[in-house]
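The values are calculated or read from the model by the stated rules, or taken from the named source; none is laboratory data. Because the structure is a prediction, the values reported are computed rather than measured. Cβ atoms come from the backbone with ideal geometry, glycine included; neighbour counts cover every protein chain shown.
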Amino acid sequence: MVLLAVLAGGAISSLASACSEDGGSAADADTATAPGDTAVTPDAAPEDAVEDTSAVEDTGAVEDTGAVEDTGVVADATTDADAAVEPDAADTAAPPADTLVATDTATPGPWDGPLEPADQPGVNDGRGSYLATHTSCALCHGSSSVADTLHDAAGRPIGMYLLWRSSMMANAARDPFWLAMVSAEAARRPAAAAAIEAKCLRCHAPALAAERELTDGADLAMADLAAGGLTGDLARDGVTCTVCHQLEPDDFGAESSYDGHFEVNPRREISAPHDGLVPGPMANISGYTPVPRDHMRDSGLCATCHTLRTGTLDADGLPESHTLVEQSPYLEWRNSVFTTEGTPGPKAASCQACHLPTVDADGQPITTKVATNPGGGSFPPGVARTPVGRHLLVGGNTLIGGMFRDFPALLNPDVPADAFAATVAAARRQLEQDTARIELLSAAQDGATLSVHVRVTNLTGHKLPTGYPSRRLWVALTARTAGGGVALALGAHDADGRLVDQAGAPLPSELPGGAPLPHADHVTAPDDVVVYEAIMADPQGEPTWSLMGAASYVKDNRLLPEGFSATHPDAAATAPAGIGADADFLGGHDEVHYTLTLPAGVQVAEVEASLRYQTLAPRFAAELFRVRTEAVANFEWFYLQADKAPVVVATDTRAL
């Protein structure tokens, strides 16, 4: 086990994200799951686009047979066909490891390029004094051929384990991007390794964290991921069933619960949002007792890991007087029209309402028995329950999910590839249908001047994108002639997903050492792309891609949720940065004005605007790959083979 052997050797530690979409926990998300996530056919690809055939592998079209190995996630038959420009060989060459930006340091390793990892081990039936692996639950909450149990009205299987197993929640401790980020932070600041490991694993291996907290109090370490026996099984099981369903609700939503400070009850009680539970079967099979508690629908449950603050460390690993809000989707949601706290409005919806929807893929409320007997049949006293949440737990992460789909034997041998494919398809479908809207409010040509007015609307209950600051969303604007020729293209990308100029070369912002693109309200240059993102800053205010070296954000123009108020108690922690005096950057939407000069004699017939999303910005990846550790080299191996094309979230066209 090459990758985990490094973890055991202590060469890897630090905090990348306690609950990032790239190794998620709780509501690991950039988007809100569609209550009725019926597939739609995307707009036809523009004539100037180069079809990305690798996107076909992201469809995750899986026949629903209702068998035990059925994914339980409705298949998505859509594909992307984004404009792509092939890069020159010189553009794709990795920078030498010693060309680090001033704010970063690294420990050189013996790997000059990508390194194929060894298989990660699976998870055995691990049962501790308080926590257990998913195997204690999957026996009765998976899937079977019994039509009235854990199936929706259309007969599709919706077993909790069946849907959860391929989510980023389940794979929080296996995510190769997260492992690489942890490794890189450790290489930069090895003196702080032990403390950072313990905090990082708190939310990525919460079952082991809670078991130790309730027993021997031993510190968490990345070496636990490679351990045998109960330690390794609990660590590798990610955000597993007996964590979330045993959380105490006393301080949900309070600051004391943030940063992974969740509390697991010591009574072996499993919370469920239903009355009239029959405790005997669960107690006999798993040793846990089901207890009716409605707090499973409380967004504060998710906030325990999805409100994360990290303290800034200097180059020697010593703390500085700065704290970065690494992610805050709960606080963003609380300062929106979607909050269910206080006096909820008509749009109120909890995190669970979107990420564990209680309606099926057709938008119909789910009513079903929630458990089979160990043999796959119905319990005689079984009662149909409602509501029942589908444990999809998807956000916007198609990149890392695609790696699990393509290399399940390396990353999680317990889960079939088609399950990961279906989860990726669900995330893609959510991005395409329920995340954002783009509108061309006006488009006109006056001589050689093209004027365009664009409005972008955030449909989610938090910032877009939200979570770990590796994600970005941008506006691609294309002007075409009557014959379909491209007059101007802002926001085009190459095969590696990097933004390119009019000649097809990567913009400086896409390469290490280049200045990030600033927020833009009025665009006049053809290479000024509107990118919604969070760029971290060191204590001196310079951009950095090292989480532990970050003190603030030099840019945070991520789209605000509808209803955002600058006077809300959470506003200071979630305020935008670097937007200047942009008067129409408001809660729920942003408007952008373009005044562009066309080539001589060109007449534009149509303008197209689209929103494109990436889980991992290529610049962020390039900065990571400059730190040479084995886990980084492992992730680079996956990354180079991945489909890095952005997901087209929304499109609008307007004829002139």
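Observations on the structure shown:
- Residue list for segment 364-380, restricted to those being modelled with pLDDT under 95 and in a loop (DSSP other than H, G, I, E, B): Val370, Ala371, Asn373, Pro374, Gly375, Gly376, Gly377, Phe379, Pro380
- Only one entry of Ser166, Ser145 meets the criterion of being crowded, with 24+ Cβ neighbours inside 10 Å and among the hydroxyl-bearing types (Ser, Thr, Tyr), and that entry is Ser166.
- Residue count for segment 230-277, restricted to those that are of a type in the set (Gly, Ala, Ser) and surrounded by 18 or more Cβ atoms within 10 Å (Cβ to Cβ): 7.
- Complete set of residues in segment 204-234 that are under 24 Å from Ser167 (Cα atoms), of a type outside the set (Gly, Ala, Ser) and either modelled with pLDDT under 95 or out of contact with any Ser or Thr (no Cβ under 6 Å at 6 or more places or on another chain) (or both): His204, Pro206, Leu208, Glu211, Leu220, Met222, Leu225, Leu230, Thr231, Leu234
- Neighbours by Cβ (under 8 Å, 6+ apart or cross-chain): first from segment 536-565, outside the structural domain of Tyr330 (by TED's automatic domain parsing) and without any contact (Cβ under 8 Å) to a residue 24 or more places away in the chain; second hydroxyl-bearing (Ser, Thr, Tyr) and assigned to a strand (DSSP E or B): Ala537/Ser552; Ala537/Tyr553; Gly541/Ser552
- If the condition is being at positive phi and in contact with a strand residue (DSSP E or B) (Cβ under 8 Å, 6 or more places away or on another chain), then segment 279-336 contributes only Gly287.
- Counting only helices (runs of 4 or more DSSP H) that sit completely within segment 254-350, those holding 2 or more residues that are modelled with pLDDT of 95 or more, of a type in the set (Phe, Trp, Tyr) and over 29 Å from Arg127 (Cα atoms) correspond to 329-334.
- Failed item in (1) in a loop (DSSP other than H, G, I, E, B); (2) at pLDDT 95 or above, with Ala479 passing the rest: (1)
- Residue check for Ser129: touching a Lys or Arg at 6+ places or on another chain (Cβ under 8 Å), polar (S, T, N, Q) and either in contact (Cβ under 8 Å) with a residue 60 or more places away in the chain or crowded, with 24+ Cβ neighbours inside 10 Å (or both): no
- Residue match in segment 186-201 (condition: at pLDDT 95 or above, closer than 20 Å to Ser129 by Cβ and buried (at least 21 other Cβ atoms within 10 Å of the Cβ)): yes
- No other residue among Ala631, Ala572, Ala622 is outside any loop (DSSP other than H, G, I, E, B), free of Cβ contacts under 8 Å to residues at least 12 places away in the same chain and either of a type in the set (D, E, K, R) or on the phi < 0 side of the Ramachandran plot (or both) apart from Ala572.
- Conditions (1) out of contact with any helix residue (DSSP H, G or I) (no Cβ under 9 Å at 6 or more places or on another chain); (2) part of a loop (DSSP other than H, G, I, E, B); (3) crowded, with 20+ Cβ neighbours inside 10 Å: number failed by Gly601: (3)
- Single match in Ala384, Ala426 (criterion: surrounded by fewer than 24 Cβ atoms within 10 Å (Cβ to Cβ) and not assigned by TED's automatic domain parsing to the domain that holds Arg480): Ala384
- Summed over segment 433-457, the residues that are part of a helix (DSSP H, G or I) and surrounded by 24 or more Cβ atoms within 10 Å (Cβ to Cβ) give a count of 0.
- Test: residue in segment 171-182 that is acidic (Asp, Glu), at pLDDT 95 or above and in a loop (DSSP other than H, G, I, E, B): yes
- Being surrounded by 15 or more Cβ atoms within 10 Å (Cβ to Cβ), among the acidic types (Asp, Glu) and not in a loop (DSSP other than H, G, I, E, B) is a property that does not hold for Asp582.
- Checking Gln540 against (1) surrounded by 15 or more Cβ atoms within 10 Å (Cβ to Cβ); (2) in a loop (DSSP other than H, G, I, E, B), the condition it does not meet: (1)
- Within segment 235-253, the set of residues being in a helix (DSSP H, G or I) and either polar (S, T, N, Q) or modelled with pLDDT under 95 (or both) comprises just one member, Thr242.
- Taking segment 254-271 as the range and being in contact with a helix residue (DSSP H, G or I) (Cβ under 7 Å, 6 or more places away or on another chain), free of Cβ contacts under 8 Å to residues at least 60 places away in the same chain and farther than 15 Å from Thr240 by Cα as the test, the residues that pass are Ser257, Tyr258, His261.
- Meets criteria (within 30 Å of Gly376 (Cβ to Cβ), touching a residue at least 24 places away in the same chain (Cβ under 8 Å) and surrounded by fewer than 15 Cβ atoms within 10 Å (Cβ to Cβ)) for Gly280: no
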